[in-house]
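The values are calculated or read from the model by the stated rules, or taken from the named source; none is laboratory data. All values derive from a computational prediction rather than experimental measurement. As a convention, Cβ positions derive from the backbone with ideal geometry for all residues, glycine included, and neighbour counts pool all protein chains shown. Side chains included, ligands, DNA and RNA excluded: accessible areas come from the protein's heavy atoms. Shrake-Rupley method; radii C 1.70, N 1.55, O 1.52, S 1.80 Å.
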Amino acid sequence: MTATAERPAAAAPSAADDLSDRLRRASEYFAIPLLALVVSALLFSAFLLALGRSPVEFFDLMWRGGFGSAFSWQNTLQRAAPLVLTALCVAIPARIGLVIIGGEGALVLGGFAAAVIAVPLLGVAPAPVLLAIMALAAMAMGALWIGLAGALRHSRGVNETISSLLLTYIAIAVMYFFVEGALRDPRSLNKPATVPIGAENMLGTIPGTDIHWGLATGAAAAVLLQVLMSRTTFGFAARITGGNPRAARAQGLPVGTLTIACAMIAGACAGLAGFFEVATVHGSANGSLVAGYGFTGILVSFLARHTPLAVIPVAVLFGGIAAAGGLVQRRMGLPDATVLLLQGFIFVVLLASETLYGRLAWFRGGDRA
Amino acid sequence: MTDNLISRRTLLQGTAAAGALAATGPLGGLNAQAPLTVGILYVGPRDDFGYSQAHAVGAAELKKVPGVKVVEEENVPETIAVQRSMESMINLDGAKLIIATSFGYFDPHMLAMAAKYPKVEFRHAVGLWDKDKHPQNAGSYFGYLDQAHYVNGIAAGLVTKSKKIGFVAAKPIPSVLRNINAVLLGARKNAPDATVQVVFTGDWSVPVREAEATNALIGSGCDIVTCHVDSPKVVIETAERRGVMTLGHNASQASLAPKGFITGAEYKWSTIYKGFADNLAKNQKLPNWVRGGYDLDFVQNTAYGAAATDGARRAADAAIAEIKKGAPIFAGTIKDNKGNVVIPATLDNYAPPLEGMNYLVEGVVGSTT
Amino acid sequence: MSAELLTVLFAMIGGAIRVSTPFLFVSLGECLTEKAGRINLGLEGTLVLGAMVAYMTSYETGSPWAGVAAAAAAGFLLGGLHGALCSLPKVNDVAVGIALMTFGTGVAFFFGKPYIQPAAPRLPGIPLADWTGSPALADALKVNPLFFVGIVLAFAMAWAFRNTRVGLVVRTTGDSAPAARAMGISVDGVRLLATAAGGALAGIGGSFLSLYYPGSWNEALSSGQGLMAVALVIFARWDPVRCFVAALLFGAAGAIGPALQSINITQGYYFFNAAPYILTLLIMVSSGRVRHAQHGMPGELSVSK
C-alpha cells in the first residue's frame, strides 16, 4: 500500500501556472477512475453482446433502477449506507499499510453487542440514551475486534489480512452461538434473534425520505476521517508509517500505537454499521447481520483508493448497482449474479487503471517544462 | 431465453405499467388490457431442489393464469434488500400482489412495506400474520409439512433395518424440530424402538458440512437419512452413493436417488397460488390467513421410490388418508428426550402450541442447544 | 477404545481424506504463487469457477476427467489474468486478488445457473479398504485419485524447490527481485507463470468439490475454502509437504462437529464448526515472531513487509 505517498510538487514558474498544474494533477484522480468506469462499461457491453443481449437495455435498466427517479435514489442510498462505514473499516488501516478484510466480523459483533446491551435497558433508558449506549457498545466491540488484528500484527507479526478474515468466521460463530442459545428471545420462533428493542426505540429516517441515519453518519464519519488522516499529526504519522515502517520507527514514531489505533478506528466504523443495522432495520441481532456488507466494503474502499471522502461516491455507485440488480433480473431475465459480475468487471478494470497514475503526460503539465 | 422472448416480455412490461395505473378495485381486477402483476421474492436460487424451487414450481402455476404476470427475484437476502426489492416491484413493475416466501421477510420488512403501500396486497409464506397486530393488506399462508414428514416416518419405520434414522438439520428452530419429531412419531408407529439421530449443521446451505453430517450419521449406523436444509440435494446424493435409503424434503428429490429413495415431504404451493389466482380472477379480496396440510392439499408425499416396500406404501397411503380426516400426529402424552412431559394430551395438527416447539421428543437423539 | 470414539475417529480420518483435497490443491497453488513473491487472495474465486467449469464440462462431454482439465484451464486463465495485472506497475496484488475473487465467483454464478439441476458424471473413488469387511473403514478409505495426485505433487514440489533449477528460479524471484534480475531471470515472467500455474491447481481443487465431494454444483458449494487455503499456506510456512499435513488437519477439524453430534455430543457445535479457523489463528499467534521474517517466507511477499 504505497498509494498514499505524495509526489513532491515540481518547481513552478508562476502562481497561475502553479494553479493550473495543481488542477491538472487533481483532475487525474477524477479522470482515471471515470475512464476506468467507461472502459468497464464497454467491456461489459461487449460481454452482453456476445451473449446476444442488449447493452442499451441493460444500462437503461441500471439507470432507471439505481438513479432514474426519486424512488430509485432512495433505494440506492439505503443500500449504500452500510457500505460507507464498512469501506472506512478498510480505508483507514490501509493508510498505515494494513490490509484488513474482516469488517464483516466487526459489523456482526458490533450489531450483536448493540442488541445485547439494549436488553437490560429496555423500558429503563429513554430511547436517545438507549441508542447512544448501543452505538457506543457497537463501536467498542468493533474496535476491540479489529484492534485485536492490529495488535496481533504488531506484537506477534501475525498477518492482519488473514487474521481479520479468520476473526470474521469466529465472530459469526460467536454471534450464532449466543443468538441461538443463551441470548435467544423465546418468541423469536423460527428466526432466532435477541429480544427486539421495540419500534419505539428504533432510530428513525432522515425526514422526508426512507433513508436511515446510517448514511448521514457514515458520510460525516468519512469527512471526519478524511480530516484526521490528511490534516492532523496523527494522520501524517500514520501515512509515514504506511509508507515505510522502518523509517517511521527510526524517526521515533510510536508505530505500534498508531497501528492499533488505526485498526481500532476501523473496527469502530464497522461496529457502527452493525449498530445501524440493528437500530434501523432489524431491531435485534440475528442471522441477517451476516449480509456481506463487510466484504462489499472491501471493494468500495479499494475503488476509492482508500480515500475516506471518495468512499462516499463509490458506495453510492455500488448501492445503485445493487438497487438496479433486481430490475435487471426481472425485466431481462438475467441471473442475479449479473450484479456480481458487473462489480467484478469494474473492480478489475479500476485496479488495472492504477498503473496509469503519473504516466499520462497531460496530467503532468508542469513536468514537461 | 431467446431474444425473441425477451423483447416480447419487455413489450408486455410497458402495457403492465400502463395497466396498473388504470386499475381499480381491491386488487385492480383483471381484464385483458391490464395484466395484474405479482411480485415473488425467493431467498435462494429458484432451482435449488429445495425450498425456493418448491415455491417457484407453485409460481409457475400462477404464471399460467391469463392476465397474471409474475415478476421474480431470487437470492434476495433477509436485509433491507427485501424492502427495496418489494418497493421496486411495486413502483417500477406495478406489482399489486407481493409474495414473500422466506420466513425472515416478514418482520420487519414485509410489515413495513404493507404499512407504506396500503393498496398493495402482501402475503407471506409462514403463519405469522395476526389480524389484531398487523396491516389488513398483509397476510400469511402456510403448508404444514410435518404431516408429510410424519408419513415419511411411517414408511421409514417399515423399511429400516437398523432402526436408526438420520436427520441432517440446519438449525434447532420450531419448524425444523417439528419435522424431526414428526418423523420419529411416524417411525415409532410401526417400529416402537426406532430412533432418529439429528445433526445440526448450523446454517441453511453448507454443502460440505451437510455431506459430512450425512456421512457421520451413516457412520453411526443410520440406514435411512433425511434432512431439513434449504437444498437437500447434497444429503440425498451422498446417502445414495453410500447405499443408504433416503426421505426427501421440500421438493421432489426422487430423481437424485434411483435406488434408495423411499418418499419425500413436499410442499404443494401450487394449490395455494392457484387459489390466489382464482380470487384475483374473480376480483375477490385474497384471504389473509390460509393454512393447511393434507386436508387442503397444501402438502404431499413424493411418489414412492424403489426403496419403498409394498407394506410401507400401504401404511403410508393409509396414514395419508387418516391425516386428511384429521388424525392427530402429536397424540397422547408426549415426553421430550430429557424426560419432561411437553405435550400432556393429544394436540390437533394445527394447535398453536405446536408452533413454538422447542424440544425433541423422546426417541430423538440430539439436543436443541 | 469405545465404539463411539472409534466412530468419531473414523469420521475424522474419512473427513481428513474427503475434505482435505480442495484445501490441498488450493494451498499448493498458493504456495507456488507466494514462493514466486506474489500473493493471490482470489483463489476462492478460482475454486468456485473451477467447480462450475468442471461440472459443466463433465455434464456436456460425459467425461469427468475432461471436467478436471477444463477446471485447470479456467484456473490457469484466471491466475494468468492476476499475474498479468500485477505485473503492471503500481498495481497491488492483494487488491487484484480480491477483485478476481468477485470476478471469478460472478462468472461462475452467471454461467452456472443452468447446471444446478442436472446431474453430471462424477469422478470415481478407489476402494482401498473394502477387504477389511468394515463398512465404516471401507467408507473412510474410499479415496479419489486426485487425493494421491495432490500428495505426489506436494512432495514433488518440495523436492523441486530444493533441487531443481526451476525451483531455484522461483525461490530467488520470491526472495529478492533484484537478485533474480541479476541472474537474468524475468521476474514478471516467472511470477506470471507461477500465478497461472497456482490458479490451475486451485481450479483442480474446485473440480474435486463439484465432481467428487460433496459432488454437485451449487452456489453455496465452497463456503470460503479457497480463502482458508490461503491462510493454510502461512500456517504451513510455505512448505508444500506441510501444506499437505495442514490440509489433512483442516479436513479432520471440519469433520469433528458432525461426528461428535452423531454420538450425541451436541454442545457448542458452532464452535466445532469454526474449529479450523480458531486453530489457524492460534497457530499463527503462537508461531508469530516479531520483526523477524518467518522461516521459509519469501522476502518479496507483500504480506511480509
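Summary table below
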quantity	calculated
Accessible area of the range A:76-334 belonging to carbon and sulfur atoms, whole % at 1.4 Å probe	71
Average partner coverage of A:181-192, which counts Cβ from other chains inside 10 Å	5
Estimated distance in nm for a label pair at residue B:340 and residue C:241, the labels positioned 7 Å out from Cα along Cα-to-Cβ	5.6
At 1.306 mPa s and 10 °C, Stokes D of chain B from Kirkwood alpha-carbon radius, µm² per second	75
Solvent-accessible area buried by pairing A with C, both sides, nearest 100 square angstrom, 1.4 angstrom probe	4100
Residue-normalised accessible area of the protein assembly as shown, expressed per residue, 1.4 Å probe, Å²	35
Three-way shape label, the range A:49-177, alpha-carbon gyration tensor, a/c 1.5	oblate
C-alpha long axis of helix C:187-211 to longest principal axis of chain C, angle in °	10
Positive dipole terminus of the range A:76-334, leading residue within A:138, A:165, A:274 (C-beta point charges)	A:165
Of all DSSP beta bridges in the protein assembly as shown, antiparallel share, percent nearest 5	20
Convex hull per residue volume in Å³, alpha carbons only, for chain C	145
Spin-label model distance (nm) - residue B:289 vs residue B:369, 7 Å beyond Cα toward Cβ	3.4
Principal-axis tilt of helix C:93-112 within chain C, Cα atoms, nearest 10 degrees	50
Neighbouring partner chain Cβ atoms per residue of A:282-288, average, 10 Å criterion	4
Dipole axis of the protein assembly as shown (+1 Lys, Arg; -1 Asp, Glu on Cβ), positive-most option in A:43, B:104, C:218	A:43
Dipole of the range A:76-334, positive end: most advanced residue of A:212, A:250, A:147 [Cβ charges, Cα centre]	A:250
The range A:146-191: Cα Rg divided by the 2.2 N^0.38 Å rule of thumb	1.59
Gyration tensor over alpha-carbon atoms, the range A:76-334, equivalent ellipsoid semi-axes in Å	30, 22, 17
Portion, in percent, of the accessible area of the range C:1-98 that falls on carbon or sulfur, probe 1.4 Å	74
Residues of the range B:40-80 with amide N under 19 Å of the 7 Å Cα→Cβ point at residue B:115	B:79-80
Accessible surface of chain B [probe 1.4 Å, protein heavy atoms]: carbon and sulfur percent	54
Exercise: per-residue mean of other protein chain Cβ atoms within 10 Å, A:125-133	0
Within the protein assembly as shown: Cβ-based charge dipole about Cα centre, in debye rounded to nearest 20 (Lys, Arg +1; Asp, Glu -1)	1240
Chains A and B together, accessible area buried on both sides, 1.4 angstrom probe, square angstrom	3100
Under the span-like rule (Cα at least 20 Å along the axis, Kyte-Doolittle mean at least 0.5), DSSP H helices of chain A	A:15-50, A:70-95, A:103-118, A:127-156, A:160-179, A:213-231, A:255-276, A:308-332, A:337-353
Cα-based helix-to-principal-axis angle, C:225-235 vs chain C, degrees rounded to 10	60
For the protein assembly as shown, alpha-carbon Rg over 2.2 N^0.38 Å	0.93
Helix-only mean residue ellipticity at 222 nm for chain C, each DSSP H run of n ≥ 4 adding -39500 (n - 2.57), per residue, nearest 500	-23500 deg cm²/dmol
Magnitude of the charge dipole, the range B:182-278, Cβ model with Lys/Arg +1 and Asp/Glu -1, debye to 20	200
Radius 14 Å from Cβ of residue B:130, net charge of other residues (Lys, Arg +1; Asp, Glu -1)	+1
Cα-centre dipole for the range A:176-261 with unit charges at Cβ (Lys and Arg positive, Asp and Glu negative), debye to 20	500
Relative contact order %, chain A, counting alpha carbon pairs below 8 Å whose residues are six or more apart	34
Separation in nanometres of the label points that stand 7 Å from Cα toward Cβ, at residue C:186 and residue C:126	3.8
Chains B and C together, accessible area buried on both sides, 1.4 angstrom probe, square angstrom	2900
